[in-house]
Every structure is written in C-alpha cells, then in structure tokens.
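Here the structure comes first, spelled out in structure tokens, and everything after it is commentary.
The values are calculated or read from the model by the stated rules, or taken from the named source; none is laboratory data. Remember, it's a predicted structure, so these values are computed and weren't measured experimentally. Because the Cβ atoms are built from the backbone with ideal geometry, glycine has one as well, and the counts that use them run over all protein chains shown. In case anyone asks, the SASA skips ligands and DNA or RNA and just uses the protein heavy atoms, side chains included. Shrake-Rupley method; radii C 1.70, N 1.55, O 1.52, S 1.80 Å.
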Amino acid sequence: MRILATLITAVMLATTAQAEGVLTRLTSLDATKAWQGVGRINLGKSGFCTGTLIAPDLVLTAAHCFYDAAGTRTDDAEIEFLAGWQNGRASAYRGAKRSVIHPDYVFKGRNNVDKVSSDLALIQLDQPIKNPSIRPFETAVEVERGQEVQVISYAKHRANAPSIQETCNVLARDPGVYVTSCDVDFGSSGAPIFAIQNGVPVILSVVSAKAEWRSQKVALGVGLDQRLSTLLNEIELNDGVFRREDTGASRVALQMGIQPSGALFIKP
C-alpha cells in the first residue's frame with residue numbers, strides 16, 4: 001500500500017482528450033498479424049476502449065469503459081467489438097450478448113482511482129469468433145517487479161490502428177494493482193499488458209488508468225488472479241446474478257496458482 005500511496009495524480013482513460021504517446025503504430029497487415037485478437041470496443045456515444053479476445057466469445061477489458069462521465073451504464077446493444085481494427089476495417093465484427101462488470105467495481109467518476117483493483121470486465125460476444133487467424137490470448141497471474149512487459153492499445157488520434165510499446169516494465173505492485181512504465185493515454189482503457197512466455201504473448205494485466213509516480217508518467221494495470229475467476233464464473237452461471245463464492249467454473253483454462261488479493265487504497 002505504501003508504494004501506491006505516493007501517486008500524485010491518476011486519471012481513468014476516457015477518450016475525450018489525447019496527447020500522442022511514444023508508441024509504434026502497427027499500420028500493415030504483417031505488423032498486426034500476431035495481434036488480431038486485440039481490438040477496439042465501440043461503446044455507443046460514450047467513446048471506445050481496447051479489448052482482447054481470451055476465448056472465442058469472450059473479450060477482456062476495463063470496467064470503467066462501460067460508463068459515461070455522468071455514470072450512465074452503456075447498454076449492451078450499443079457495444080461492438082472490432083477484432084484487429086485497422087484503417088477502417090476489422091478482421092471480425094461482433095456485438096455483445098452481454099457485458100459483465102466485476103461486482104466490487106463502483107463507478108465514481110473518471111478521476112477516481114480507488115477502484116483500480118476491481119476495474120475489470122468481460123464482454124460475451126453475440127457469436128464466437130472462429131476465424132483461425134484471430135486467436136484468443138492466454139492469461140497468466142504471476143507478475144514480478146521489474147518484469148519486462150509490452151502493451152498494445154488504441155487511443156484518440158490513433159483510433160484506426162493499434163500501437164505497440166514493445167518494452168516497458170513493472171515498477172511496483174500492490175495487491176491487485178501494478179504500476180508500469182508503459183506509455184498509455186486516453187482510449188487505452190482495457191488494453192492488454194503482455195509478457196512473452198515461452199515465445200508466446202500472454203496477458204498479465206489490463207490497463208486501468210494513467211498516473212504520475214515519483215515524477216514519472218506511469219500506467220496502472222489491474223491484476224487478473226481471482227478477479228478474472230469471478231467474471232468467468234458469472235459467465236458460466238449465465239443467470240445474471242453474481243456469486244461471491246468460487247464455484248470452480250473455468251470455461252477458459254486461466255486459473256493456475258490463483259491467490260486472493262486485497263483492496264487498493266490510494267489518494268489521487
């Protein structure tokens with residue numbers, strides 16, 4: 001808790017403003033071939049976020065994406081996932097059957113970061129994506145301080161092609177929250193933070209907010225661990241009611257070595 005208590009400012013990554021970051025735009029088909037499972041999520045009139053396919057019909061993203069500035073929840077009928085979106089075309093277009101927000105998440109405004117540790121959501125697509133060139137990504141729950149990671153995201157002023165930062169690092173960690181040196185900005189909410197394991201990219205975290213820490217611009221990522229397990233259980237039960245206990249459901253084989261983690265308390 002002491003590490004993140006030194007944060008000076010933090011802002012949830014809406015799409016209303018943008019300063020271009022130091023990122024590499026992926027503008028060719030060859031460059032984006034390995035990342036077709038990352039896409040843009042259009043959210044009605046609320047803007048857009050970044051999401052990642054973790055199963056043929058499941059997209060992982062940030063919970064705060066589904067709320068406008070007034071705190072109104074975006075209707076599922078207005079949600080669209082554009083897999084591999086690039087230069088006006090997507091490799092697959094899907095609507096949302098429903099979206100599931102982590103039960104501990106309560107939207108309190110774009111500049112409130114005391115819910116970063118539960119800022120996680122899933123979209124269940126109206127139809128699975130079965131294109132063999134669009135492969136879901138696996139996830140992992142072990143994140144170490146100093147670990148090298150990379151992030152792929154869309155953002156305002158680069159909304160029509162993804163950008164990648166191939167090398168950034170985990171600077172610090174609190175229960176359920178990671179401070180990284182990754183360069184993110186408005187529109188990057190929900191973007192996957194990857195690590196390369198055995199030559200394959202796996203998702204370690206999801207971008208929740210940008211912040212300033214020790215005079216350095218950083219990105220805050222929410223940990224997956226039992227939070228993702230909770231969301232997967234809700235999808236599995238398919239009854240619209242959250243259950244706090246672990247039922248053991250796992251449509252996606254993601255839950256290796258999960259340990260409970262506590263809440264985050266920081267002052268923005």
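Any idea which residue in the range 44-56 is surrounded by the fewest Cβ atoms within 10 Å (Cβ to Cβ), counting only those that are in a loop (DSSP other than H, G, I, E, B) and modelled with pLDDT under 95?
Here is the first cut: in the range 44-56, the ones in a loop (DSSP other than H, G, I, E, B) are 44-47, 56.
Still in the list and also modelled with pLDDT under 95: 44-47.
Details: G44: 16, K45: 9, S46: 20, G47: 21.
By that ranking, first place goes to K45.
Quick test of your reading of the structure: D183 fulfils all but one of (1) touching a residue at least 40 places away in the same chain (Cβ under 8 Å); (2) more than 14 Å from V207 (Cα to Cα). Name the failing condition by number. Every listed condition holds for D183 apart from (2). Restricting the range 147-203 to residues that are in a loop (DSSP other than H, G, I, E, B) and acidic (D, E) leaves a set whose member that is surrounded by the most Cβ atoms within 10 Å (Cβ to Cβ) is D185. Evaluating P268 against the criteria (1) under 19 Å from A140 (Cβ atoms); (2) at pLDDT below 75; (3) out of contact with any helix residue (DSSP H, G or I) (no Cβ under 9 Å at 6 or more places or on another chain) leaves one unmet condition, (1).
Which of the residues that make up the range 213-224 are crowded, with 23+ Cβ neighbours inside 10 Å and not in a strand (DSSP E or B)?
First, the residues of the range 213-224 that are crowded, with 23+ Cβ neighbours inside 10 Å: 218-224.
Scanning the range 213-224 gives a single hit, L224.
Selection of the range 15-37 for residues being within 21 Å of V218 (Cβ to Cβ) and either within 13 Å of the chain's Cα centre (by Cα) or modelled with pLDDT of 65 or more (or both) yields L23, T24. Just so you know, in the range 162-191 the residues that are in contact with a helix residue (DSSP H, G or I) (Cβ under 8 Å, 6 or more places away or on another chain) and under 18 Å from T52 (Cβ atoms) include one that is modelled with the highest pLDDT, and it is G190. If you check D104 against the conditions, is it outside any helix (DSSP H, G or I), modelled with pLDDT under 90, acidic (D, E) and more than 16 Å from the chain's Cα centre (by Cα)? In short, no.
Name the residue that is surrounded by the fewest Cβ atoms within 10 Å (Cβ to Cβ), counting only residues in the range 32-43 that are of a type outside the set (V, I, T) and not in a strand (DSSP E or B). Can you show your working first?
Step one: of the range 32-43, the residues of a type outside the set (V, I, T) are 33-37, 39-40, 42-43.
So of that shortlist, the ones also not in a strand (DSSP E or B) come out as 33-37.
Details: K33: 12, A34: 14, W35: 22, Q36: 22, G37: 24.
Of everything passing the filter in the range 32-43, K33 is surrounded by the fewest Cβ atoms within 10 Å (Cβ to Cβ).
Condition check ((1) modelled with pLDDT of 90 or more; (2) not in a loop (DSSP other than H, G, I, E, B)) across all residues:
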site: A211; (1), (2): no, yes
site: L231; (1), (2): yes, yes
site: D239; (1), (2): no, no
site: R243; (1), (2): no, no
site: G248; (1), (2): no, no
site: Q259; (1), (2): no, no
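Scan the range 93-100 and tell me whether some residue there is free of Cβ contacts under 8 Å to residues at least 24 places away in the same chain, open to solvent by 20 Å² or more (accessible area, probe 1.4 Å) and either outside any strand (DSSP E or B) or closer than 30 Å to E212 by Cα (or both). No, the conditions are met nowhere in the range 93-100.
Sort out which residues of the range 131-146 are open to solvent by 100 Å² or more (accessible area, probe 1.4 Å) and within 22 Å of C182 (Cα to Cα), and write them in order of number. Matches in the range 131-146: E138, E142, E144, R145.
With the condition kept exactly as written, say whether any residue in the range 57-67 is of a type in the set (D, E, K, R), open to solvent by 10 Å² or more (accessible area, probe 1.4 Å), at pLDDT 90 or above and outside any loop (DSSP other than H, G, I, E, B).
Quick first cut of the range 57-67, residues of a type in the set (D, E, K, R) only: 57.
Checking which are open to solvent by 10 Å² or more (accessible area, probe 1.4 Å) leaves us with 57.
Still in the running and at pLDDT 90 or above: 57.
Next, from what is left, pick out any that are outside any loop (DSSP other than H, G, I, E, B): none.
There is no residue in the range 57-67 that is of a type in the set (D, E, K, R), open to solvent by 10 Å² or more (accessible area, probe 1.4 Å), at pLDDT 90 or above and outside any loop (DSSP other than H, G, I, E, B).
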